[in-house]
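The structure under discussion appears below in the form of structure tokens.
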Amino acid sequence: MCSILSQPKPWTKTLKLTPDALSAHLEQQLLRVYLISGDEPLLAGEAADAIRAAARAKGFTERDVHFLERGSDWDDVRASAGNMSLFGSRRLVEIRMPTGKPGVAGGAALVSMLGVDDRDTVFLILTPRLDRDAQNSNWVKAVEAHGAWVQVWPIDADRILPWLRARARRLGLDVASEGIELLAERTEGNLLAAHQELEKLRLIAQPGQITADTILASVADSARFDVFQLGESVLAGDTERALRMLAGLRAEGVEATLVLWALTKAVRDLWASVTAAPGSRPKAWGRQAAALEKGARRASRLPFSTLAIRAGRADRMVKGRLLGDAWDEMALLAADICGHPALQAPRSVLK
């Protein structure tokens, strides 16, 4: 009888996938572990969603999410991976590492867990872009031995226009060339913002070609507060504006997941401004670049472990795994990122 999970043969080369190749891969097989690394949230999020959907289709109906960084306790992850479900169902164990560095104990735990031949568990590991040391670590080699690595790279400036055209065609939109150029200028390389604009155009545009005037009208009608302006505000440390935007996003019915995504990206960018080499720091454009530069000046004083706890709690609240209001938790997270904490964070994301 054939197993649901496919196992790479020992003599095969490392399976590295691009986001574009992932869908075709998942139609053919589901491996034991997937690592998604990169700093482009839209593409990384879509890749993770594709893996989650493929796992559900294969019967992996339970999902355990863990938010971990260097020095975190990995006992809960081991228990999640090792315990049989009460109902005998298969599970997806999702490990989010905002720094991409699990530490010595975490790396050893990953190597140990991935080495177990457990066909009832699939691992999904999410990290920012990994530096050279991380890429050569034992835990990444264990991922390569038992699964696939999806590396998400930013869309270069010379590729953004073709990317927008392809994304528009996928959504069934016929956008004039000047409209594509205007959209690229409007979103300044932010793929998630560009995707949101295209989704909105799909809802409001009349039949026929979408012109630059249509896009200008759409931009003019945009909600006053968007998630990217929220990200800029917390990077710049503008607590009052960030909290006002957060309230506006909530009132407009924006998905909490998207808002949390913007806040955690701000945390990753600030962390990278402290730890990354000058040539590998996150790229930004326009107002985002100015906000990131301002945030970088105070980043060394930020309590990143507290930020990770806040983000983990908010994520669990969004998913219904922890009692509480995710929006209130995100407001506390925003204040923490700005450097003006309102309340002391709980000691554990599990509390």
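In the range 193-207, what residues are crowded, with 19+ Cβ neighbours inside 10 Å and either in contact with a strand residue (DSSP E or B) (Cβ under 7 Å, 6 or more places away or on another chain) or of a type in the set (V, I, T) (or both)?
Passing the criteria: only L201.
Provide a single number: the residues in the range 183-198 that are out of contact with any Leu (no Cβ under 7 Å at 6 or more places or on another chain) and either over 16 Å from Q229 (Cβ atoms) or not in a helix (DSSP H, G or I) (or both).
Total satisfying the criteria: 4.
Taking the range 297-307 as the region of interest, how many residues are within 21 Å of the chain's Cα centre (by Cα) and in a helix (DSSP H, G or I)?
5
Considering only residues that are touching a strand residue (DSSP E or B) at 6+ places or on another chain (Cβ under 7 Å), within 11 Å of L30 (Cβ to Cβ) and in a loop (DSSP other than H, G, I, E, B), which ones fall in the range 52-78?
Matches in the range 52-78: F60 only.
Please go through the range 17-49 and pick out each residue that is within 13 Å of the chain's Cα centre (by Cα), assigned to a helix (DSSP H, G or I) and either acidic (D, E) or farther than 21 Å from S89 by Cβ (or both).
Result: P41, L42, L43, A44, G45, E46, A47, D49.
In the range 143-174, which residues are closer than 24 Å to P102 by Cα, among the aliphatic types (A, V, I, L, M) and within 22 Å of the chain's Cα centre (by Cα)?
Selection gives V143, A148, V150, V152.
Report, by residue number, each residue of the range 127-138 that is touching a residue at least 12 places away in the same chain (Cβ under 8 Å), outside any loop (DSSP other than H, G, I, E, B) and surrounded by fewer than 22 Cβ atoms within 10 Å (Cβ to Cβ).
Residues satisfying the conditions are A134, N138.
Specify the residue that is modelled with the lowest pLDDT; the eligible residues are those in the range 79-93 that are among the hydrophobic types (A, V, I, L, M, F, W, C) and not in a strand (DSSP E or B).
Keep residues of the range 79-93 that are among the hydrophobic types (A, V, I, L, M, F, W, C), which gives 79, 81, 84, 86-87, 92-93.
Applying the additional criterion that residues be not in a strand (DSSP E or B) yields 79, 81, 84, 86-87.
Values: A79: 82, A81: 77, M84: 56, L86: 51, F87: 54.
Top of the filtered list is L86.
The values are calculated or read from the model by the stated rules, or taken from the named source; none is laboratory data. Computed from a predicted structure; not experimentally measured. When we count neighbours, we look across all protein chains shown, and the Cβ atoms used for this are built from the backbone with ideal geometry, even at glycine.
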